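*Asks:* My questions will all concern the structure given below.
The values are calculated or read from the model by the stated rules, or taken from the named source; none is laboratory data. These figures come from a predicted structure and were not determined experimentally. Note that we place each Cβ from the backbone using ideal geometry, even for glycine, and neighbour counts take in every protein chain shown. When the accessible area is computed, the model is the full protein with side chains, heavy atoms only, and any ligands, DNA or RNA have been set aside. Shrake-Rupley method; radii C 1.70, N 1.55, O 1.52, S 1.80 Å.
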Amino acid sequence: MQIKIIIGTIAFMLAMMVLGYSALREPARLEHFTNARVARQIQTGAALYDANCTTCHGVNAKSEECFDASTGEPIGCIGLPLNYAPLLCGDPSLRMEAMLWEGSKEAFIAATLTSGRYGTQMPTWSQEFGGPLRDDQIVDLTQFILNYQTEELCSTPIVTYDWPATYTDFVVEFPVGDAINGENLFLTYGCSGCHGDLDDPASAVVGPWLGNIAEVGATRIDGTTADDYVYHSILNPSEYIVPECPTGPCAGPPSAMPSNFPLRMSENPQDLRDIMSYLLND
């Protein structure tokens, strides 16, 4: 009987040691499988992004290089940048604050993918709201976007510029514009994606055609010059919304035009000066 007790005690102690060892290893094991699962989600999300998002948000999700899905020709990126510190860095990030979002960053991105953005070109993607993607695909795409949040991205300070109240004050600091570079920037910033080609009135598909903005800009708001009208329309697009767009009444307020150009152009305000030169022929 005593031997059985000793054997039972030893077996119990061995079992507890095994269980204890397993318990100690469990967090590492779970972390390994979690990381592997997230890696698979990111890989799947990358394929979903390439298939559905690059036309609007561009190569590497920076909204700098977009191509027509049918022809492969360069087009303006009409989507906001996603590989972007104001979206991904900070808790909450600047974009979350602008949208008055109080939840997590992951939930913010997933909600935007799920239901889109009313009044903009961002459609609903979830099957729950008539889109093409399943819930698991929304999760995969969300993880892919979050994967751009790196130490390198978030360690770079976000540059802001105190934009002058009027275009006249602005050109004091930036007196010379480069219309040729402005034409390139009109594509890079996605302006042409909505406003079309300045040489073709029929090319505008979302926002008003701007080929004659140097003339009609001064008629939009009483007492406002074309220069100031265009300047404020870029920096604060909801300040005045043109009544008619190519497909009917223009959406808003708020305007369907992105409102983050002041932040995006803060790193190089000369970009705005060059675009103004291109639009106004000055």
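*Asks:* Being under 20 Å from residue 159 (Cβ atoms) and at pLDDT below 95 is true for just one of 76, 90, 72. Which residue is that? Break it down into steps so the answer makes sense when it comes.
*Replies:* Details: 76 fails: under 20 Å from residue 159 (Cβ atoms); 72 fails: under 20 Å from residue 159 (Cβ atoms).
After ruling out the rest, the residue left standing is 90.
*Asks:* Scan the stretch 250-270 for residues that are in contact (Cβ under 8 Å) with a residue 24 or more places away in the chain and open to solvent by 60 Å² or more (accessible area, probe 1.4 Å) and jot them down.
*Replies:* 254, 259, 267
*Asks:* Please go through the stretch 198-225 and pick out each residue that is surrounded by fewer than 16 Cβ atoms within 10 Å (Cβ to Cβ) and among the aromatic types (Phe, Trp, Tyr).
*Replies:* Result: no residue meets the conditions.
*Asks:* May I ask you to list the residues in the stretch 140-169 that are out of contact with any Asp or Glu (no Cβ under 9 Å at 6 or more places or on another chain) and not in a loop (DSSP other than H, G, I, E, B)?
*Replies:* Within the stretch 140-169, 140, 141, 144, 145, 151, 152, 153, 154, 155, 169 meet the criteria.
*Asks:* Would you point out the residue of the stretch 271-282, among those that are in contact with an Asp or Glu (Cβ under 9 Å, 6 or more places away or on another chain), of a type outside the set (S, T, N, Q) and part of a helix (DSSP H, G or I), that is surrounded by the most Cβ atoms within 10 Å (Cβ to Cβ)? Talk me through it step by step, then tell me what you get.
*Replies:* Let us first name the residues in the stretch 271-282 that are in contact with an Asp or Glu (Cβ under 9 Å, 6 or more places away or on another chain), namely 273-278, 280, 282.
If we keep only those that are of a type outside the set (S, T, N, Q) too, we end up with 273-276, 278, 280, 282.
Adding the requirement that they be part of a helix (DSSP H, G or I) leaves 273-276, 278, 280.
Details: 273: 24, 274: 23, 275: 26, 276: 23, 278: 22, 280: 21.
So, considering only residues that are in contact with an Asp or Glu (Cβ under 9 Å, 6 or more places away or on another chain), of a type outside the set (S, T, N, Q) and part of a helix (DSSP H, G or I), the one surrounded by the most Cβ atoms within 10 Å (Cβ to Cβ) is 275.
*Asks:* Take the stretch 114-139 and flag every residue that is within 16 Å of residue 50 (Cα to Cα) and part of a helix (DSSP H, G or I).
*Replies:* If the condition is that a residue be within 16 Å of residue 50 (Cα to Cα) and part of a helix (DSSP H, G or I), then 137, 138, 139 are the ones that fit.
*Asks:* Restricting to the stretch 177-197, and then to whatever is outside any helix (DSSP H, G or I) and more than 13 Å from residue 272 (Cβ to Cβ), can you tell me which residue is most open to solvent (accessible area, probe 1.4 Å)?
*Replies:* Kept after step one, since they are outside any helix (DSSP H, G or I), are these residues of the stretch 177-197: 177-178, 189-190, 196-197.
Restricting the remaining residues to those that are more than 13 Å from residue 272 (Cβ to Cβ) gives 190, 196-197.
On the way: 190: 6, 196: 5, 197: 76 Å².
The residue in question is 197.
*Asks:* To continue, here is another question. Among the numbered conditions (1) under 22 Å from residue 271 (Cα atoms); (2) without any contact (Cβ under 8 Å) to a residue 12 or more places away in the chain, tell me where residue 177 comes up short.
*Replies:* (2)
*Asks:* Tell me which of these residue 131 doesn't satisfy, since it passes every other one: (1) small (Gly, Ala, Ser); (2) within 19 Å of residue 57 (Cα to Cα); (3) loosely packed, with under 14 Cβ neighbours inside 10 Å.
*Replies:* Single failed check for residue 131: (3).
Residue by residue, here is whether (1) more than 26 Å from residue 160 (Cβ to Cβ); (2) outside any loop (DSSP other than H, G, I, E, B); (3) in contact (Cβ under 8 Å) with a residue 40 or more places away in the chain holds:
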position	(1), (2), (3)
199	yes, no, no
208	yes, no, yes
237	no, no, no
240	no, no, no
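*Asks:* Shifting gears a bit: Taking residue 224, is it of a type in the set (Val, Ile, Thr), part of a loop (DSSP other than H, G, I, E, B) and more than 26 Å from residue 79 (Cβ to Cβ)? Write out each step before concluding.
*Replies:* Details: of a type in the set (Val, Ile, Thr): yes; part of a loop (DSSP other than H, G, I, E, B): yes; more than 26 Å from residue 79 (Cβ to Cβ): yes.
It is true that residue 224 is of a type in the set (Val, Ile, Thr), part of a loop (DSSP other than H, G, I, E, B) and more than 26 Å from residue 79 (Cβ to Cβ).
*Asks:* Could I ask something else about it? Could you list, in sequence order, the residues of the stretch 62-84 that are of a type in the set (A, V, I, L, M, F, W, C) and surrounded by fewer than 21 Cβ atoms within 10 Å (Cβ to Cβ)? Please lay out each step first, then the result.
*Replies:* Of all residues in the stretch 62-84, those of a type in the set (A, V, I, L, M, F, W, C) come to 66-67, 69, 75, 77-78, 80, 82.
Correct list: 67, 69, 75.
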